[in-house]
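Here is the structure we will look at.
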Amino acid sequence: MVQEDPNRLVLVEKRGSTTIVTINRPHKRNCVNGPTSRALYQAFLDFEADSTAAVAILTGAGGNFCAGADLAAILNQDEANPMSAEWPDTLPGPIGPMGPSRMVLSKPVIAAISGFAVAGGIELALWCDIRIVDPTATLGVFCRLRGVPLIDGGTVRLPQVVGRGVAMDLMLSGRVVKAEEALKIQLATCYPPSYDKVNTTPALEQALALAAVLAEHPQTCMRNDRLSTHFANPIREAMLKEYELGIETLTSGEFQAGISKFFDSNKAKKSKL
């Protein structure tokens, strides 16, 4: 078992006016447990409060963005993700199961997606304003296959980004979406801007180039136009309903059975090695 440093679950780096927030659990494909969720939330609180920071990039260490919530942490009270229906109106907002998913920031956040951005990972990506992919990116609602609900904005934000029809396809099937398709359905883009051809440059490098452009814009105008877009699509009530339905799923026998099957399958695979 890998020993984790609780102070390095999330790494924060400043490059000029850009803040890079990196989920640092590569041995878990950057799955988010409770401590990681809280560290992510704090990182974005700090970014919001930093007057020298104009743009943030959310990414993952070791070749993956984030493979969702850490299912192994669910039964461990010390590591379980934060779960609460409390949602005060004050900005930037409360902590969500994956960390910053209920926050409304005044500044833009770019998701730099290499590798897996699935389940709760795609919810984190959808929380970001722009999603940048490279050829290694794999997106999808993989939690569908385990009986794990989308509980951090996925059912609300995905239809806003790709339209209800495509969102239903992805949410109900749980299928794989590779980088090329992510561009085609406008779930993600590349930089320089493209919805046609995947840029072979690593996603983080693309995101840094885009962040530099955004930081050069007149900031009050850009931020207010961005906030207007967010408030034109109020999601608080919809996400509270999503949470209510998600809790119903989590307390069902179906959920426990799905998780047990997942871990039993992993044990069987390891025993054959």
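The values are calculated or read from the model by the stated rules, or taken from the named source; none is laboratory data. In this text the structure is predicted, and so the values were computed from the model without any measurement. We place every Cβ from the backbone using ideal geometry, glycine too, and count neighbours over all the protein chains shown.
So which residues in the stretch 157-181 are surrounded by 22 or more Cβ atoms within 10 Å (Cβ to Cβ) and closer than 26 Å to SER252 by Cβ, if there are any at all?
Listed by number, the residues that qualify are ARG157, LEU158, LEU170.
From the list ASN81, ASN76, ASN30, which residue is of a type outside the set (Lys, Arg), at pLDDT below 95, surrounded by 15 or more Cβ atoms within 10 Å (Cβ to Cβ) and not in a helix (DSSP H, G or I)?
Going through ASN81, ASN76, ASN30 in turn, the sole match is ASN81.
From the list SER194, SER173, which one is farther than 29 Å from ILE95 by Cα and among the small types (Gly, Ala, Ser)?
Details: SER173 fails: farther than 29 Å from ILE95 by Cα.
Matching residue, one of SER194, SER173: SER194.
Kindly indicate whether any position in the stretch 134-154 is under 13 Å from ALA203 (Cβ atoms) and crowded, with 24+ Cβ neighbours inside 10 Å.
Scanning the stretch 134-154, I find at least one residue that is under 13 Å from ALA203 (Cβ atoms) and crowded, with 24+ Cβ neighbours inside 10 Å, so the answer is yes.
Restricting to the stretch 136-172, give me the number of residues that are touching a strand residue (DSSP E or B) at 6+ places or on another chain (Cβ under 6 Å) and part of a helix (DSSP H, G or I).
Adding up the residues that qualify gives 1.
Taking the stretch 237-257 as the search range and keeping residues that are loosely packed, with under 15 Cβ neighbours inside 10 Å, among the small types (Gly, Ala, Ser) and in a helix (DSSP H, G or I), which one is modelled with the lowest pLDDT?
ALA257
State which residue is surrounded by the most Cβ atoms within 10 Å (Cβ to Cβ) when the search covers only the stretch 62-73 and only residues that are assigned to a loop (DSSP other than H, G, I, E, B) and in contact with a Gly (Cβ under 6 Å, 6 or more places away or on another chain). It would help to see each step written out before you state the result.
Start the filter on the stretch 62-73 by keeping residues that are assigned to a loop (DSSP other than H, G, I, E, B), which leaves 64-65, 67-68, 70.
Next, from what is left, pick out any that are in contact with a Gly (Cβ under 6 Å, 6 or more places away or on another chain): 64-65, 67-68.
Numbers: ASN64: 25, PHE65: 31, ALA67: 26, GLY68: 27.
Among those that are assigned to a loop (DSSP other than H, G, I, E, B) and in contact with a Gly (Cβ under 6 Å, 6 or more places away or on another chain), it is PHE65.
Answer with yes or no whether THR36 is among the hydroxyl-bearing types (Ser, Thr, Tyr), part of a strand (DSSP E or B) and in contact (Cβ under 8 Å) with a residue 24 or more places away in the chain. Can you show your working first?
Details: among the hydroxyl-bearing types (Ser, Thr, Tyr): yes; part of a strand (DSSP E or B): no; in contact (Cβ under 8 Å) with a residue 24 or more places away in the chain: yes.
No; evaluated as a whole, the condition is false for this residue.
Against the conditions (1) under 21 Å from VAL176 (Cα atoms); (2) at pLDDT below 90, where does ALA112 fall short? Just the number, please.
The number of the failed condition is (2).
Is there any pair with a first residue in the stretch 45-72 that is without any contact (Cβ under 8 Å) to a residue 40 or more places away in the chain and a second that is part of a strand (DSSP E or B) whose Cβ atoms are under 9 Å apart and which are 6 or more apart or on different chains, and what are they?
ASP46/VAL12; ASP46/THR19; ASP50/LYS14; ASP50/THR19; THR52/LYS14
Please state which one of GLY147, GLY163, GLY140 is in contact (Cβ under 8 Å) with a residue 40 or more places away in the chain and at positive phi.
Criteria check complete, one pass: GLY147.
Scan THR52, THR90, THR59 and give me the residue that is among the polar types (S, T, N, Q), surrounded by 16 or more Cβ atoms within 10 Å (Cβ to Cβ) and not in a helix (DSSP H, G or I). Break it down stepwise before answering.
Working: THR52 fails: surrounded by 16 or more Cβ atoms within 10 Å (Cβ to Cβ); THR90 fails: surrounded by 16 or more Cβ atoms within 10 Å (Cβ to Cβ).
The unique qualifying residue is THR59.
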